Amino acid sequence: MVVIRTDRAETDPGLDFGGVRTEFGLPDGFSPAALGEAQRAVTGDVDHADREDATALPLVTIDPPGSKDLDQALLLERVGDGFRVHYAIADLGAFVEPDGALDAEVRRRGQTLYLPDGNVPLHPPVLSEGAASLLPGQVRPAVLWTFECGPDGEPREVRVRRAVVRSTAQFDYGGVQASFDAGEPHPSIEALPDFGRLRRARAADRGAVELQLPEQEVVATGDGDWALVIRPRADVETWNAEVSLLTGMAAARIMLDARVGVLRTLPDADDGAVEALRRSAQALGVPWPDGATPAELLAGLDPARPEALALFVDATRLLRGAGYTAFDGEAPEIFTHAGLGAPYAHVTAPLRRLVDRFATEVCLAVTAGEPVPEWLRRALPRLPGLMGGSDALAGKVDRAILDQVEAWVLADRVGHEFDAVVLRADGNAADVFVAQPPVMGRCTGPDLPEGEWIRVRLAEADPDRRKVVFERV
């Protein structure tokens, strides 16, 4: 329902997230063998002989403020009435020895976990925040994707190869958005709004489902405490995400054509889920235009409206069953991602997610006309299980962090009243969203009307149990 984004900061040891780390057994370091391999990879010379020299491309990165693990660098050019997109991705294949100690360690971790008081990285920081990161002004090994796109934003030609690149600038989303708002964008991304809007239109045509749910952000207050805020999503984030999605869809097509690889998949919602959403829309007073798909209905809602927020929560049932599908020899039975309306693969965040490195290596081998390495074929069947377990852990950690901060924020406000939107009711209880402070919790009481504002009283806020309960006034 929510996405957790955290600002790393020093805080009072009494309000750290040690309890979460202990509960879920999060690692606090890397094994000596894994660290040794990482250090040797950093101090050794990366072979540039078979790499394209793309250091002249004025690539730039766009990430949250303060990021050091920079996976992607972008250059977008107008070519005639179309576009040329260069997208450089950090090349972990240049640093991680297959089946070595570091490879085994990152397979156990699966992905970087983000906590407010410090991340649990997938790779040692000497790699993820150093030699492998696409930091500005540094020559780095990368996997370079180039898309020749028509005026509709659809790719007509796709190339992927190993290269060396040099990012020319590091930007954050807020700064880039401000530059567009002021009419002074950086030349390397001047075309991003037009391209991003085209790609968003193509997504709607495919039936991609977008749930415009609020994003809770945990921020340090500066006095050893934490606060919750709603982080507005800038347009530039949506446009930038479309480049990543374009790359993932191209990677999926390469692997499907070669009948070997690993995809991010989501089965189509069954008729029951769609009918349940239709009933929810009717109950909430949201008109469903004749012939409109669920994606078209949701895209037309105003996320500021309470009934829209409740319907977005109900629509999460359309996106159940996401996972990873590995295949070798024939295409899998389910090979599309219903939320995107297309086949899709993770390839754009290898510093932070395990599966991206393996999918990328498949694409590189296939497009070079080379056999997929045996170590890679052996690894493919295990990836869905590794990533499924990692995703489940990440979801539990994110929820525990939010529950913990919500309980801390509200601990001294038991008995206070708040305005809340009823999201999903079940008998004499419901999930509610309190706008200020932005908290989601359970509420008890009769006749809780979904999609409507009600007045609630905080009945319990227990930091030890990470539990918040409201009751209807």
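The values are calculated or read from the model by the stated rules, or taken from the named source; none is laboratory data. Keep in mind that what you see is a predicted model, and the values were worked out from it rather than measured. Neighbour counts are summed over all protein chains in view; Cβ atoms, including those assigned to glycine, are modelled from backbone coordinates with ideal geometry. The accessibility values were calculated without ligands, DNA or RNA, using every heavy atom of the protein model including side chains. Shrake-Rupley method; radii C 1.70, N 1.55, O 1.52, S 1.80 Å.
The figures follow:
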item	result
Simple label model, 7 Å out from Cα along Cβ direction - W375 to T22, nm	3.9
The chain: calculated mean residue ellipticity at 222 nm from DSSP helix runs of at least 4, using -39500 (n - 2.57)	-10000 deg cm²/dmol
Solvent-accessible heavy-atom area per residue, rounded to whole Å², over the chain at 1.4 Å	43
Order of exposure, largest accessible area first, which applies to Y324, Y87 with probe 1.4 Å	Y324, Y87
The range 319-473 - percent of accessible surface contributed by carbon and sulfur, probe 1.4 Å	48
Residues with amide H under 5 Å from that of T265, placed H, sequence gap 5 or more	G323, Y324, T325
Difference of contour (0.36 nm per residue) and Cα-Cα distance, E471 to D50	145.1 nm
Two-site FRET efficiency, T367 against I334, from Cβ-Cβ distance with R₀ of 30 Å, rounded to 0.05	0.75
Shape call, the chain: gyration tensor on alpha carbons, a/c limit 1.5	prolate
Convex hull volume per residue for the range 343-473, taking Cα atoms only, in Å³	158
Long-range HN-HN contacts of K467 with modeled amide H, under 5 Å	D462
Per-pair calculated FRET efficiency, R0 = 41 Å: R320 and Q138 via Cβ, rounded to 0.05	0.45
A304 paired with A435, simple spin-label distance in nm, labels 7 Å along Cα-to-beta-carbon	1.0
Carbon/sulfur fraction of accessible area - the range 72-224, other protein chains in place, 1.4 Å, %	47
Where trypsin sites (Lys or Arg not before Pro) fall in DSSP loop in the range 184-286, at most 16 other Cβ within 10 Å	R233, R259
Label-reachable residues, the range 323-364, where backbone N falls under 20 Å from a point 7 Å from R382's Cα toward its Cβ	324-329, 346, 350-363
Length gained when the stretch E157-V229 is fully extended (0.36 nm per residue, less Cα-Cα span)	21.7 nm
Which of W408, W239 is most accessible, then next, and so on - probe 1.4 Å	W408, W239
Rounded if a/c under 1.5, otherwise prolate or oblate - the range 215-345, Cα gyration tensor axes	oblate
Mean-position separation - Cα centroids, the range 118-141 and the range 447-461, in angstrom	45
Solvent-accessible ranking of Y344, Y173, largest area first, probe 1.4 Å	Y173, Y344
